[in-house]
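In what follows, a single structure is set out as structure tokens and then discussed.
The values are calculated or read from the model by the stated rules, or taken from the named source; none is laboratory data. These numbers were taken from a predicted model, which means no experiment stands behind them. Backbone-built Cβ (ideal geometry, glycine too); neighbour counts: all protein chains shown. Heavy atoms of the whole protein, side chains included, go into the accessibility calculation; ligands, DNA and RNA do not. Shrake-Rupley method; radii C 1.70, N 1.55, O 1.52, S 1.80 Å.
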Amino acid sequence: MAESMTGLKRSHRCTEVSNKNIGEQVTVMGWVQKRRNLGSLIFVDLRDRSGLLQIIFDEDTIGTEGFEKAGKLRNEFVIAIVGTVEKRSGAVNENLVTGDIEIKAEQLRILSEADTPPIPIDDNVNVKDDVRLKYRYLDLRRPHIQKNLITRSKVAMITRNFLSEEGFLEIETPMLTKSTPEGARDYLVPSRVHPGSFYALPQSPQIFKQLLMCSGYDRYFQIVKCFRDEDLRADRQPEFTQIDMELSFVDVDDVIDVNERLLAKMFKETVGVDVALPIPRMTWQDAMDRFGSDKPDMRFGMELVDVSEVVKNCEFVVFKGALEAGGSVRGINATGQGDLGRKKIDALVKFAKDFGAKGLAYIQLKSDGSVKSSFSKFMTEEEMDALIKAMDGKAGDLLLFAADQNKVVWDVLGNLRCEIAKKYDMIPEGEFKFLWVTEFPLLEWNEDMNRYQAMHHPFTMPMEEDLQYIDTDPGRVRAKAYDIVLNGTELGGGSVRIFQNDIQEKMFECLGFTKEQAHERFGFLLDAFRYGVPPHAGLAYVLDRLVMWITGEDSIRDVIAFPKVKDASCLMTEAPSPVDDVQLDELAIAIKENKEEE
């Protein structure tokens, strides 16, 4: 039967007790991790969020009633112990912070009993993700997950303290806002007071933080929930947390400077990593040409090589056709993989096709000096030699080539280099390679919509020297945009914002908005710009991804307390779920059944 805490006050968390407390009486509370009954003695490992502490029950010390009560303890019972700290009577446990001490119990209270949990509260037990997430409140007791969430809290506090010292103000922005469908799908919230109208949950606080700059707050930040109704991956959730900031009277270098110092402090204080400053920068064009990605993993080489000039006169129809259609031929050198078997090469070809390749041409430079190629019969010996030389190919290397439009070639080889590096252990462990990617294209063509769309968002400032092309060649215009990348993952991104009305109107025109449409969607921002707006810029990190990298996890689910699964549902609460008809009637909403086509 559960007992009261009345008269007791916890003096220490489990690992706050040390050999400095030997001889002192302490009060500790937590969960029973394990009980061992040796007859005359009972040992209990007590657990709280700080770690484990051994409790010893001796009938002479705790009395017959207390000893009998200790004999009834089971895993996950919640207990309170009053006792004296002693040097451990048995062997010292080097794996525990408290491995050299124990508490000799003088008083035991069972605060809460527990059924046998459906999942073990142990880091060394492998449990399926769906079971872990169904019983997330138990999964969250595991020391590994607790450590991750403690680290997350530390990252948030470091961020708050650092930005406050840098003159930033923490200001909250609304959760219920106006839908501006340009990019990912909004989560919509129906209004009861305004039937037929909807709020949107914010995809980011972008417009509001720009309005705060218009209002003179100079430096703003917020650790804030954002929402996007999009398909999930390992590093995405429908609701995620941003470290969001905006600064007035600044340009690119100012934003990068403050964020480099923030990252250096964050990684030093959480994982002891010294981030070398300044962090290297690379333009978007260079990143795509060299790595096939705007978030390149810099921990290994295998850079893309453009061999279009080398093969421009060859008769291999795949290369020839790509070049005639305005595309390119590029390759990567998988150093040391020249002896891969046919099945493994076929698997790489299949992987390439998943990213849009029609095929994958290859040359195997085997370690015995022999050469095997999928296309050599279409090339002269001189052309093959020139191609191998251009790729810096040596015995033992595998040369892989893609030929198509640049976008496809980049996508194929950019993903292929990462796949090969992971598969064949070419990525050094324990390295943190940061990179700023800058000068993104301002616009990208959307085939489905048959118009340009903003690569970042409609408020991104074009580079001044490229404004001359905005009417005649919009795709050539670069943006004052920047992303911070770590080990092939985008941690965050931002840009200098447009603050002149004429440039903002031109941007909306490029996106296919009439003045009326632009004003309908963003009128309050455009109106604010009429009353004096400072030059401003900002950046936002995905906090979940930052913590994922700091803790070394493969999924952001392991650094979020209550995450969703791939279909955006919560296995624990079973959300989303149907609601009562009365609630729907109040909102003037009817559910339309989707009937499958026969």
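Heads up, I need the accessible area for residue 509: 1.4 angstrom probe, whole protein in place, Å², nearest 10.
Estimated to the nearest 10 Å², residue 509 gives 110 Å².
Of the accessible area of the chain, with the probe set at 1.4 angstrom, what percent is carbon plus sulfur?
Carbon and sulfur atoms account for 48 percent of the accessible area of the chain.
Once the Cβ-Cβ distance between residue 455 and residue 113 is put in as r, and R0 is 60 Å, what FRET efficiency do you end up with, to the nearest 0.05?
Here the calculated transfer efficiency is 0.55.
Which entries in 343/407; 134/265; 344/564; 344/377; 312/506 show an alpha-carbon gap greater than 30 Å?
134/265; 344/564; 312/506
Sorting 194, 457 by accessible area (1.4 Å probe), largest first, what list results?
Putting 194, 457 in descending order of accessible area: 194, 457.
Using a cut-off of 14 Å between beta-carbons, work out the net charge of the residues near residue 329 (Lys and Arg +1, Asp and Glu -1, residue 329 not included).
Here the count lands on -3.
Would you list the membrane-span-like helices of the chain, meaning whole DSSP H runs whose alpha-carbon atoms span at least 27 Å along their axis and whose mean Kyte-Doolittle value is at least -0.5?
Length and hydropathy pass: 143-165, 252-271.
May I ask you to compute the full-extension gain from residue 353 to residue 585, defined as 0.36 nm times their residue separation minus their alpha-carbon distance, rounded to one decimal in nm? Intermediate results must be reported in sequence, preceding the final value.
Details: separation 232, 0.36 × 232 = 83.52 nm, distance 4.96 nm.
Fully extending the segment from residue 353 to residue 585 adds 78.6 nm.
Run the numbers on region 13-56 and let me know its relative contact order in percent, using alpha-carbon pairs under 8 Å that are six or more apart.
39
Please give the solvent-accessible surface of residue 455 in Å², to the nearest 10, using a probe radius of 1.4 Å with every protein chain present.
That residue has around 50 Å² of solvent-accessible surface.
For the chain, what is the calculated [θ] at 222 nm in deg cm²/dmol (nearest 500), taking -39500 (n - 2.57) for each run of four or more DSSP H residues and dividing by its residue count?
-9000 deg cm²/dmol
At 0.36 nm per residue, and after removing the present C-alpha to C-alpha distance, how many nm does the segment from residue 34 to residue 230 gain when stretched out fully?
The span from residue 34 to residue 230 would gain 66.3 nm if fully extended.
Which FRET efficiency, nearest 0.05, do residue 593 and residue 516 yield, Cβ-Cβ r, R0 35 Å?
Between residue 593 and residue 516 the formula returns 0.45.
Between their Cα atoms, which of 154/423; 209/433; 268/480; 178/566; 372/394; 20/72 are more than 25 Å away from each other?
Pairs exceeding the cut-off: 154/423; 209/433; 268/480; 178/566; 20/72.
Going by average Cβ neighbours within 10 Å, how do the peptides 263-272, 121-130 rank, with the highest at the top? Please report the intermediate quantities before stating the final value.
Working: 263-272: 16.4, 121-130: 11.4.
Highest to lowest by the protection proxy: 263-272, 121-130.
Take region 1-119, drop everything but the C-alpha atoms, weight them equally and run the Debye formula without solvent; then report log10 I(q)/I(0) at 0.13, 0.14 Å⁻¹ to two decimals.
Relative scattering, expressed as log10 I(q)/I(0), comes to -0.44, -0.52.
Going by the alpha-carbon gyration tensor, a ≥ b ≥ c the square roots of its eigenvalues, is region 85-219 rounded (a/c under 1.5) or, if a/c is not under 1.5, prolate (a/b greater than b/c) versus oblate?
prolate
Highest mean first, how do 163-169, 576-582 rank when packing is the count of other Cβ atoms within 10 Å averaged over residues?
163-169, 576-582
Take peptides 533-543, 41-51 and line them up by average Cβ neighbours within 10 Å, highest first, as a rough protection proxy.
533-543, 41-51
Would you work out if region 65-158 is rounded, prolate or oblate? Take a ≥ b ≥ c from the square roots of the eigenvalues of the alpha-carbon gyration tensor; rounded if a/c is under 1.5, else prolate when a/b is larger than b/c, oblate otherwise.
oblate
Out of these labelled values of volume of the Cα convex hull per residue in Å³, (i) 154; (ii) 247; (iii) 205, which was calculated from the coordinates shown here?
(ii)
So if we plug the beta-carbon distance of residue 41 and residue 554 into 1/(1 + (r/R0)^6) with R0 = 51 Å, what FRET efficiency do we get, rounded to 0.05? Mind showing how you got there, number by number?
On the way: r = 42 Å, r/R0 = 0.83.
That gives a FRET efficiency of 0.75.
Can you tell me which lysines have their Cα less than 20 Å from the Cα of residue 9? Leave out same-chain residues fewer than eight positions away.
Reachable lysines: 104.
Taking the Cα-to-Cβ direction at residue 472 and at residue 269 and moving 7 Å from each Cα, how far apart do the two end points lie in nm?
Going by the 7 Å Cα→Cβ label model, 5.2 nm.
Counting alpha carbon pairs within less than 8 Å and at least 6 residues apart, what relative contact order, in whole percent, applies to region 402-526?
22
Please report the relative contact order for the chain, taking Cα pairs under 8 Å with a sequence separation of at least 6, and give it as a percent rounded to a whole number.
It rounds to 13 percent for the chain.
Leaving ligands, DNA and RNA out of it, work out the accessible area of residue 586 with a 1.4 Å probe and give it in Å² to the nearest 10.
Approximately 110 Å² for this residue.
If you average the C-alpha positions of region 131-179 and of region 343-397 separately, how far apart do those two centres end up, in angstrom?
Computed from Cα coordinates, the inter-centre distance equals 48 Å.
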